[in-house]
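What follows is one structure encoded as structure tokens, with my remarks underneath.
The values are calculated or read from the model by the stated rules, or taken from the named source; none is laboratory data. These numbers were taken from a predicted model, which means no experiment stands behind them. Positions of Cβ are backbone-derived with ideal geometry, glycine not excepted, and every protein chain shown enters the neighbour counts. Heavy atoms of the whole protein, side chains included, go into the accessibility calculation; ligands, DNA and RNA do not. Shrake-Rupley method; radii C 1.70, N 1.55, O 1.52, S 1.80 Å.
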Amino acid sequence: MKVLVLGGYGNFGARICRALAADAAIDLVVAGRDGARARHLADALGDSASSLAIDCAAPDFVQALAAHGIGLVIHTAGPFQAQSYAVAEAAARAGAHYIDLADGRRFVCDFPSALQHEFQQAGRVGISGASTVPALSSAVVEHLSAGWQRLHAIDICIAPAQTAPRGKATLAAVLSYCGKPIDVWQDGGWTQGLGWAAPERVTFQRLKPRVGALCDIPDLELFPVRYDVRDRVMFRAALEVTATQHVFAALAALRAKGLLKRPERLAGLLDRVSVLADPLGTRLGGMVVRIEGLSAGGRTAQRAWHIAADHDHGPEIPCMAAILLARQLASGADIPSGAHTAAGLLQLEAFAPEFARWGMVTDVVDGAVDAGDVHLPVDTGSRVS
């Protein structure tokens with residue numbers, strides 16, 4: 001299958017290209033507006049990759065995809081919060097499958113209803129949110145709650161390493177909802193919180209405790225319905241340097257007061273100055289998913305899944321679902337045609353080889369108390385309990 005990675009030389013796109021270039025079932029095309037950068041990466045990947053200068057906003061984008069025989073478009077050129085579905089629509093019209101790494105709440109949640117007809121008519125698969133959320137997060141929730149009678153609460157927190165590559169697009173995405181009211185399922189009903197405001201302490205199995213703040217992601221809307229959650233679904237991000245987290249909280253307060261209308265315009269500046277905090281941080285990042293509910297025996301139960309990613313390998317995690325799904329489509333996996341979110345499309349076990357490849361360690365902890373306050377060294381294995 002000829003797989004075109006749009007934005008293939010970017011922070012996430014290049015990681016996906018490096019992973020897919022070695023797959024014998026995939027004819028990789030590194031693509032984007034900058035033909036020189038695309039060609040440079042393709043040359044570095046060897047004979048298994050080619051390059052293509054292409055503009056997804058050009059009027060002949062559909063024709064270009066069809067002319068080059070593209071079977072799958074992987075869209076990595078975020079941020080997605082303010083994007084239309086033009087790339088996905090073009091893929092369907094060109095007779096190609098489509099995967100994106102979107103974590104924008106409206107973009108992902110509205111994707112199936114907006115594009116179901118186009119992909120069904122084309123007999124192709126469109127998948128949005130093939131990233132940490134909701135692809136990996138849903139796989140973790142389903143692994144932890146297997147056999148349970150009921151879910152009462154889901155709490156998720158990502159914790160990037162301070163020195164991991166960030167990128168202007170990523171910062172623009174998270175700043176777009178900084179200080180904005182966010183709908184959250186809390187106490188069995190919908191309420192609102194402010195993005196990046198009011199940080200709270202979060203503990204991890206192999207990271208030091210951090211403070212995390214509310215982020216607007218698809219899980220907040222998808223999971224209460226998908227898993228019939230009784231009480232709460234929460235998602236936070238916890239930056240490693242506490243002072244940086246408080247800068248985001250201050251920006252949120254300014255926006256809430258009407259004193260800062262477009263925090264995302266500061267993305268370039270913050271991307272440049274954020275390196276000043278690097279000496280205060282480490283190369284260790286991670287994620288935790290905690291659930292509460294009724295076990296198979298009807299008893300109140302709590303479980304947590306942790307992952308630790310050292311050596312600045314954390315940005316590999318948002319790429320894994322797209323890599324796995326691309327391999328499935330290229331090998332002829334039976335995914336129903338139509339438009340889907342990535343929630344529930346992958347099982348946690350599918351991620352295990354990818355975790356191992358990057359030396360990431362996972363832990364499952366049962367009960368109300370885990371080792372979150374203990375900073376443990378990261379070992380070189382990977383395990384999924």
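Observations on the model:
- Phi angles of segment 250-257 translate, via the Karplus equation with coefficients 6.51, -1.76, 1.60 and θ = phi - 60°, into HN-Hα couplings of 5, 4, 4, 5, 5, 5, 4, 8 Hz per residue; Gly and Pro are given as x.
- Kirkwood radius and radius of gyration were both taken over the C-alpha atoms of segment 172-272, and their ratio Rg/Rh is 0.99.
- Fraction of the pair-distance distribution of the chain above 34 Å, Cα-Cα pairs, percent: 26 percent
- Amide hydrogen proximity for residue 282: with H placed 1.01 Å from N in the peptide plane, the residues at 5 or more positions away or on another chain lying under 5 Å are 162, 163.
- Semi-axis lengths (Å, descending) of the ellipsoid that matches the C-alpha gyration tensor of segment 76-154: 27, 15, 11
- Gyration tensor verdict on segment 233-319 (Cα atoms; rounded if a/c is under 1.5, prolate if a/b is larger than b/c, oblate otherwise): oblate
- Ordered from highest to lowest accessible area with the whole protein assembly present and a 1.4 Å probe, 273, 140, 62 read as 273, 62, 140.
- Over all directions, the projected convex hull of the C-alpha atoms in segment 105-237 averages 10.0 nm² in area.
- For residue 309, the amide hydrogen comes within under 5 Å of the amide hydrogens of 285, 286, counting only partners 5 or more places away or on other chains and with H modelled in the peptide plane.
- Qualifying chymotrypsin sites (Phe, Trp or Tyr not before Pro) in segment 1-70, where qualification requires a DSSP coil assignment and no more than 15 other C-beta atoms within 10 Å, are lacking entirely.
- Hits among lysines - C-alpha to C-alpha of residue 208 under 30 Å, sequence gap 8 or more where chains match: 168, 180
- Taking Cβ atoms as reference points and 14 Å as the exclusive limit, the residues near residue 326 contribute a net charge of +1, counting Lys and Arg as +1 and Asp and Glu as -1.
- All-pairs alpha carbon distance profile, segment 192-343, 10 Å steps from 0, percent: 8, 27, 34, 23, 7, 0
- Exposure rule at most 11 other beta-carbon atoms within 10 Å, DSSP loop trypsin sites (Lys or Arg not before Pro): the chain longest free segment: 1-256
- Counting only aspartates and glutamates at least 8 places from residue 261 when in the same chain, those with an alpha carbon closer than 20 Å to its own are 183, 216, 271.
- Value at 222 nm in deg cm²/dmol, rounded to 500, when DSSP H runs of n ≥ 4 in the chain each add -39,500 (n - 2.57): -9000 deg cm²/dmol
- Cut-off under 5 Å, modelled amide H: who pairs with residue 202 long-range: 210, 211, 212
- For segment 25-120, the Cα gyration tensor yields ellipsoid semi-axes of 24, 15, 12 Å (square root of five times each eigenvalue, largest first, whole Å).
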